[in-house]
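In what follows, a structure is listed as structure tokens, so that the remarks can point back to it.
The values are calculated or read from the model by the stated rules, or taken from the named source; none is laboratory data. No experiment lies behind these values; they were computed from the predicted model shown. We place every Cβ from the backbone using ideal geometry, glycine too, and count neighbours over all the protein chains shown. When the accessible area is computed, the model is the full protein with side chains, heavy atoms only, and any ligands, DNA or RNA have been set aside. Shrake-Rupley method; radii C 1.70, N 1.55, O 1.52, S 1.80 Å.
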Amino acid sequence: MGVVYDVFNGDADGICALHQLRLAHPCNSVLITGVKRDVQLLQRVHSVRGDQITVLDISLDSNFSALKQQLANGALVSYFDHHTADKIFLHSALTFHWDDAVDVCTSILVSRFLQDKYEIWANVAAFGDCLMKTGYLMAARAGLSNGQTQQLLELGTLLNYNAYGEQIEDVNVAPAELYQDLHQYKDPFDFIASSSNISLLRTSYAADMAMLDDIRPICEQRQAVIYILPCQPWARRISGLLANKLKDQASNKSFAVLTQKTDGCYVVSVRAADPKNKPASGFCNLFQSGGGRQAAAGINSLPAEELAQFSKKFFAYF
């Protein structure tokens with residue numbers, strides 16, 4: 001048997017997806033992950049024939065060339081994802097579990113694959129991925145109390161919050177380290193009660209959210225709003241959470257949150273009010289580094305000189 005690689009998004013969904021799989025099928029694997037927008041992860045794998053690669057919660061379209069290379073190397077690839085997959089193809093060594101429905105995340109796909117053996121972790125991921133209706137339905141189906149449900153909601157939010165940043169130095173806990181901590185626990189309530197990382201993330205999250213008190217939109221129309229955050233670590237950590245919060249508060253509007261990067265470009269988080277007819281991914285795919293899913297998508301690097309054109313396209317689209 002060759003080397004086993006686990007390639008996963010460093011956010012709540014990627015971590016909880018891998019956690020479920022490795023609870024069901026333990027093994028010593030090489031972990032490859034990064035901050036939330038660091039999605040071209042397959043190119044970091046140097047596989048040879050007989051290696052096994054599990055890919056979780058990163059877009060196939062963003063990893064198309066690297067995926068082709070891994071298969072050409074003779075690796076066996078199992079792929080779980082809910083982002084756009086326009087470039088999907090058939091290959092005897094590729095198993096692809098995919099669904100881009102607005103109420104599905106990668107952890108739910110893994111849970112289905114495992115016959116819901118560890119569905120409570122998919123519940124955490126659903127909350128982390130801002131699938132609130134799905135998260136509450138899952139918690140009700142499991143018979144969780146309101147207090148337990150709120151604990152899972154907080155955990156999903158904190159895990160997702162920790163993944164945002166331009167680089168690993170921006171986040172509170174390196175995603176691989178956070179996964180290794182979490183993977184010691186079968187029960188999320190035990191993790192919440194015992195992990196020192198939870199109190200660290202709670203404190204940092206509260207401090208960062210407090211920085212948003214004076215933030216106002218730079219441009220607002222009836223159905224769409226744009227915010228711009230400064231080039232600060234706290235802003236890079238909170239950008240996606242702000243987009244989620246805005247969408248929760250005004251579900252009839254679409255939002256874009258732009259955060260300036262250290263190179264002068266902007267990372268963009270977009271949330272769509274009508275994801276089926278006006279998907280966020282459809283808009284973000286108009287830009288070179290854009291992608292995502294119907295309800296929530298983003299642009300990894302928007303040049304500053306394209307800001308005016310971005311605003312024009314955003315309001316025209318939404």
A193 surrounded by fewer than 19 Cβ atoms within 10 Å (Cβ to Cβ), touching a residue at least 24 places away in the same chain (Cβ under 8 Å) and within 16 Å of L159 (Cα to Cα): no
Positions within the stretch 258-276 being crowded, with 23+ Cβ neighbours inside 10 Å and either in contact with a Lys or Arg (Cβ under 8 Å, 6 or more places away or on another chain) or of a type in the set (G, A, S) (or both), in sequence order: T259, V267, S269, R271, A272
Members of the stretch 157-175 that are over 22 Å from L302 (Cβ atoms), surrounded by fewer than 24 Cβ atoms within 10 Å (Cβ to Cβ) and of a type in the set (S, T, N, Q): T157, N172
Residue under evaluation N146, criteria (1) in contact (Cβ under 8 Å) with a residue 60 or more places away in the chain; (2) open to solvent by 60 Å² or more (accessible area, probe 1.4 Å); (3) of a type outside the set (G, A, S), criterion not met: (1)
Strands (runs of 3 or more DSSP E) (entirely within the stretch 212-297) containing at least 2 residues that are closer than 21 Å to L60 by Cα: 266-271, 290-292
Residues within the stretch 203-222 that are open to solvent by less than 90 Å² (accessible area, probe 1.4 Å) and either over 14 Å from W234 (Cα atoms) or among the small types (G, A, S) (or both), tallied: 6
Criterion violated by H183 - all others in (1) under 19 Å from L21 (Cα atoms); (2) touching a Lys or Arg at 6+ places or on another chain (Cβ under 6 Å) satisfied: (2)
Residue tally, condition assigned to a loop (DSSP other than H, G, I, E, B) and open to solvent by less than 40 Å² (accessible area, probe 1.4 Å), over the stretch 37-75: 12
A85 outside any loop (DSSP other than H, G, I, E, B) and either at pLDDT below 95 or out of contact with any strand residue (DSSP E or B) (no Cβ under 6 Å at 6 or more places or on another chain) (or both): no
Candidate set: the stretch 248-257, residues that are crowded, with 24+ Cβ neighbours inside 10 Å and either of a type in the set (V, I, T) or touching a residue at least 40 places away in the same chain (Cβ under 8 Å) (or both); chosen: the one nearest to C284 (Cα to Cα): A256
Qualifying residue in the stretch 309-316 (condition: open to solvent by 30 Å² or more (accessible area, probe 1.4 Å) and over 14 Å from A224 (Cα atoms)): yes
Residue within the stretch 223-238 that is under 30 Å from D86 (Cβ atoms), crowded, with 21+ Cβ neighbours inside 10 Å and at pLDDT below 95 present: yes
Cross-chain or 6+ apart pairs with Cβ under 9 Å, the stretch 207-233 first and acidic (D, E), then open to solvent by less than 90 Å² (accessible area, probe 1.4 Å) and part of a loop (DSSP other than H, G, I, E, B): E220/K253
